[in-house]
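Data block below; observations after.
The values are calculated or read from the model by the stated rules, or taken from the named source; none is laboratory data. Keep in mind the model is a prediction, meaning the values are calculated, not measured. Heads up, the Cβs are rebuilt from the backbone with ideal geometry, glycines too, and the neighbour counts pull from every protein chain shown. Heads up: the accessible areas ignore ligands, DNA and RNA and are worked out on the full protein's heavy atoms, side chains in. Shrake-Rupley method; radii C 1.70, N 1.55, O 1.52, S 1.80 Å.
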Amino acid sequence: MSDPKKTALYNSHGKYGGKIVDYSGWALPVQYEGITAEHEAVRNSAGLFDVSHMGEVEIKGKQATDYIQNLITNDISNMNENQIIYSLMCYPDGGIVDDLLVYKYTNNHYMLVINAGNVDKDVEWMKNNIGAYDMQFADISPDISEVAFQGPKAEEILQELTDTNLSEIAFFYFKENVKIAGRNCLVSRTGYTGEDGFEIYMKHEDAEYLWDKILETGKAKGAKPAGLGSRDTLRFEANLPLYGNELSAEITPLEAGFGMFVKLNKPGFIGKEALEKQKAEGLKRKIVGFEMIEPGIPRHGYDVLADGKIIGFVTTGYNSPTLKKNIGLAMVDIKYSELDTPLEIQIRKKTAKAKVVGRKFYTKHYKK
């Protein structure tokens, strides 16, 4: 096994007391002060995450739009310049290659942001599907550092460091050449926490300086460095999926509950026929939310039972820091997907009662 890769912020994590783990081949902090404290900082003030492990691919050229349209399930034909959309990328059988963000500069220039653990696989998949499209493809992941600054006070704090009016960056839009503390950045109003906030792309050599500046500026308002642990609890409460949990090659977007990002009315894209067929025939299983009735914390991979038999598996489960309840998401047989359906979760050697609830555990606070 090779040593995990280090981001440009590796030394900063040590300075701020980060507990480093190997995540998708990267040395990243799982927590600093603690998962719950960092989770609450994001919900109530702001948290700063190192997300430099994410992948970025640049697509340029005359047929850049056509190429991406073939690759993804969502429709980019009506996107504005500087707009971002969320989409999924599927295999021909409808299973998910990855979920991603599409950043549009112009009709001939895009950036795709992909998940850290999938970069090599995604890049290979994208290259294998270039075919005869007239465009240029570049994996620019090694050249970019990225941080996510998330929470209700993120704009107020970041505004102190820039002359750009951040309130003019709309939800799921981005702006280039934003000077933050004098350093050039691309800033997008996106995130993975259910709160308002920004994702900030920069050169590696600016990363440590900006990390320190943002945290120094935000300290009096409660901003904290945040690790992967709280990133997972935050995204889960907001019903945002994680590849390898709610999304995988064995799960389709329709089963995962993300059919709104699958535009079956647009011209052909990879996986379209399989997804049309699945929709026409009806789902046999789907991901539901559930809440524990009896004590016990559900974990990823635990069996879900009903009527004395296994009917599914937990995709994510936690004690929710915000709701103070044990809740989860699970893939279950469609017959057991109605609200209030009684379930049991196999927690080690015993089962604990649960029930199906809505997946919107937490109301998102985006600035739209």
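Every residue, every condition in (1) closer than 15 Å to V332 by Cβ; (2) more than 22 Å from the chain's Cα centre (by Cα); (3) surrounded by fewer than 19 Cβ atoms within 10 Å (Cβ to Cβ); (4) of a type in the set (A, V, I, L, M), yes or no:
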site: A226; (1), (2), (3), (4): no, no, no, yes
site: F236; (1), (2), (3), (4): no, no, no, no
site: P267; (1), (2), (3), (4): no, yes, yes, no
site: K277; (1), (2), (3), (4): no, yes, yes, no
site: A280; (1), (2), (3), (4): no, yes, yes, yes
site: I310; (1), (2), (3), (4): yes, yes, yes, yes
Please work out which residue is least open to solvent (accessible area, probe 1.4 Å), limiting yourself to segment 110-141 and to residues that are closer than 11 Å to D98 by Cα and in contact with a Gly (Cβ under 6 Å, 6 or more places away or on another chain).
-> I114
Output the qualifying pairs, or none if there are none: Cβ atoms under 6 angstrom, residues six or more apart or on different chains, first residue in segment 28-47 and more than 11 Å from S230 (Cα to Cα), second residue of a type in the set (G, A, S) and part of a helix (DSSP H, G or I).
-> A46/A154; A46/G218
Tell me which of these R299 doesn't satisfy, since it passes every other one: (1) more than 28 Å from S320 (Cβ to Cβ); (2) open to solvent by 50 Å² or more (accessible area, probe 1.4 Å); (3) part of a loop (DSSP other than H, G, I, E, B).
-> (1)
Residue check for A148: small (G, A, S), under 21 Å from E195 (Cα atoms), touching a residue at least 24 places away in the same chain (Cβ under 8 Å) and not in a strand (DSSP E or B) = no
Out of all the residues in segment 204-212, is one or more surrounded by fewer than 18 Cβ atoms within 10 Å (Cβ to Cβ), at pLDDT 95 or above, over 21 Å from Y23 (Cα atoms) and touching a helix residue (DSSP H, G or I) at 6+ places or on another chain (Cβ under 8 Å)?
-> yes
A careful count of residues in segment 106-123 that are in a loop (DSSP other than H, G, I, E, B), touching a strand residue (DSSP E or B) at 6+ places or on another chain (Cβ under 8 Å) and either among the aliphatic types (A, V, I, L, M) or over 15 Å from I72 (Cβ atoms) (or both) gives 1
